[in-house]
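**Q** My structure is below; once you've seen it, I'll send some questions.
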Amino acid sequence: MSFMLRKSMDATTIHQPRVDPASIVAVASGKGGVGKTFMSITLASAFAKAGKRTLLVDGDLGLANIDVQLGIAPETDLAAVIAGWVELDDAVTPVDGGASEGGFDVLPGRSGSGALAELPQEEVARLAAGISALSLQYDQVVLDLGAGIETNCMRLARAADKAVMVITDEPTSMTDGYAFIKVLRGYAPKVEPVIAINQADSRPAGQRTHEAIARACETFLGFRPRLAGIVMRDEKVRDAIRRQQTLISTDPHAQPIQDALAIAQGLIGSPSGIPLNG
Ligand SMILES: Nc1ncnc2c1ncn2[C@@H]1O[C@H](COP(=O)(O)OP(=O)(O)O)[C@@H](O)[C@H]1O
Ligand SMILES: [Mg+2]
């Protein structure tokens with residue numbers, strides 16, 4: 001079985017070959033349930049709105065839920081790729097017209113298909129290599145990682161340029177986030193961790209949470225991860241997920257979306273605002 005890309009591609013995936021690989025942003029946390037998938041989807045939508053050809057990858061293989069939050073039912077997914085039934089580029093599913101029409105592409109996972117942690121290391125390495133090869137066709141790749149700090153998670157994270165650490169003010173989120181950063185520094189020192197505080201009750205509270213993580217990293221790891229941004233807590237996020245709609249499409253002016261757009265802008269170094277409509 002191989003994750004090599006086929007030479008011929010269908011209409012939805014045929015793109016100009018690129019010289020530069022995409023910038024790959026992993027979205028990680030250590031702890032589950034903090035908002036990684038919400039952040040991954042919102043960042044991917046924001047990059048697409050900024051005119052970037054964007055691929056969103058569900059790296060939470062066994063508990064995948066990008067498809068659930070997007071309200072899509074993909075015909076095929078990464079579980080089928082790993083089982084050797086389809087090639088990686090066949091599993092690319094267009095959202096909102098796909099990357100070639102102003103939306104973005106998704107590589108969905110499949111819930112209940114077996115966790116990433118259980119995959120043999122060669123398969124994870126092949127998957128990471130396949131994602132890197134596929135990234136040549138995109139400007140931006142967002143990799144939604146599962147919870148946990150096990151080696152296979154790090155193997156996928158190693159494909160990234162940056163790791164956006166989604167952290168809330170819960171002590172377990174902070175300790176798990178710190179643990180992830182620590183393991184990542186040892187395993188993939190070239191991946192830059194940056195901090196995104198999510199579900200903040202206030203901006204000062206979010207800043208305090210960042211300061212606590214940054215200080216721990218400074219003291220014990222010898223570097224200070226910068227703050228990518230603070231996303232406020234808002235029930236609209238939960239309500240949108242319940243309805244299987246994305247908040248960025250139904251209420252683009254909602255505060256958590258504005259906050260996530262600012263993070264997206266910082267990640268692509270865009271000086272101008274990301275247009276919300278169109
Ligand atoms: N900014 C936010 N404000 C309010 N609730 C949020 C916010 N971000 C995430 N949530 C809640 O957290 C839950 C988990 O989010 P999700 O993106 O699935 O997390 P993860 O991928 O880290 O497991 C969501 O169902 C939602 O209810
Ligand atoms: Mg998730």
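**Q** With respect to the numbered conditions (1) in a loop (DSSP other than H, G, I, E, B); (2) touching a strand residue (DSSP E or B) at 6+ places or on another chain (Cβ under 7 Å); (3) not small (Gly, Ala, Ser), which one is the sole condition not fulfilled by Lys190?
**A** (2)
**Q** Hey, can you tell me all the residues within region 126-148 that are among the β-branched types (Val, Ile, Thr) and either surrounded by fewer than 20 Cβ atoms within 10 Å (Cβ to Cβ) or more than 16 Å from ligand 2 (Cβ to nearest atom) (or both)?
**A** Ile131, Val141, listed by residue number.
**Q** Further question on the same structure: Given the criteria away from ligand 2 (no atom under 16 Å from the Cβ) and over 18 Å from Gly33 (Cα atoms), does Arg208 qualify?
**A** yes
**Q** Identify the single condition in (1) surrounded by fewer than 20 Cβ atoms within 10 Å (Cβ to Cβ); (2) within 15 Å of ligand 1 (Cβ to nearest atom); (3) under 19 Å from Gln255 (Cβ atoms); (4) more than 19 Å from the chain's Cα centre (by Cα) that Pro204 does not satisfy, given that it satisfies every other one.
**A** The number of the failed condition is (2).
**Q** Name the single residue that is nearest to ligand 1 (Cβ to nearest atom) among those in region 35-53 being under 21 Å from Arg233 (Cβ atoms) and among the small types (Gly, Ala, Ser).
**A** Kept after step one, since they are under 21 Å from Arg233 (Cβ atoms), are these residues of region 35-53: 35-43, 45-46.
The next check asks that each one be among the small types (Gly, Ala, Ser); those that pass are 35, 40, 45-46.
Values: Gly35: 3, Ser40: 7, Ser45: 14, Ala46: 15 Å.
Out of the qualifying residues, it is Gly35.
**Q** Do you know which of the residues in region 54-69 that are in a helix (DSSP H, G or I) and within 11 Å of ligand 1 (Cβ to nearest atom) is farthest from Arg243 (Cα to Cα)?
**A** It comes out as Leu63.
**Q** From the residues in region 218-237 that are touching a helix residue (DSSP H, G or I) at 6+ places or on another chain (Cβ under 9 Å) and of a type in the set (D, E, K, R), which one is surrounded by the most Cβ atoms within 10 Å (Cβ to Cβ)?
**A** Only one residue fits best here, namely Arg233.
**Q** Could you say whether any residue in region 70-78 is closer than 18 Å to Leu156 by Cα and either in a helix (DSSP H, G or I) or touching a Gly at 6+ places or on another chain (Cβ under 7 Å) (or both)?
**A** There is at least one residue in region 70-78 that is closer than 18 Å to Leu156 by Cα and either in a helix (DSSP H, G or I) or touching a Gly at 6+ places or on another chain (Cβ under 7 Å) (or both).
**Q** Here are Ala160, Ala128, Ala196: which of them is away from ligand 1 (no atom under 16 Å from the Cβ) and in contact (Cβ under 8 Å) with a residue 60 or more places away in the chain?
**A** Numbers: Ala128 fails: in contact (Cβ under 8 Å) with a residue 60 or more places away in the chain; Ala196 fails: away from ligand 1 (no atom under 16 Å from the Cβ).
Result of the check over Ala160, Ala128, Ala196: Ala160.
**Q** I'm trying to understand the selection: among the residues of region 230-245, which are hydrophobic (A, V, I, L, M, F, W, C), closer than 18 Å to Val68 by Cβ and more than 6 Å from ligand 1 (Cβ to nearest atom)?
**A** To start, the set of residues in region 230-245 that are hydrophobic (A, V, I, L, M, F, W, C) comprises 230-232, 237, 240-241.
Within this subset, residues satisfying the condition of being closer than 18 Å to Val68 by Cβ are 237, 240-241.
Selection gives Ala240 alone.
Readers should treat all values here as calculations from the given coordinates under stated rules, not as data from a laboratory. Remember, it's a predicted structure, so these values are computed and weren't measured experimentally. Note: ideal-geometry Cβ built from the backbone for every residue, glycine included; neighbour counts use all protein chains shown.
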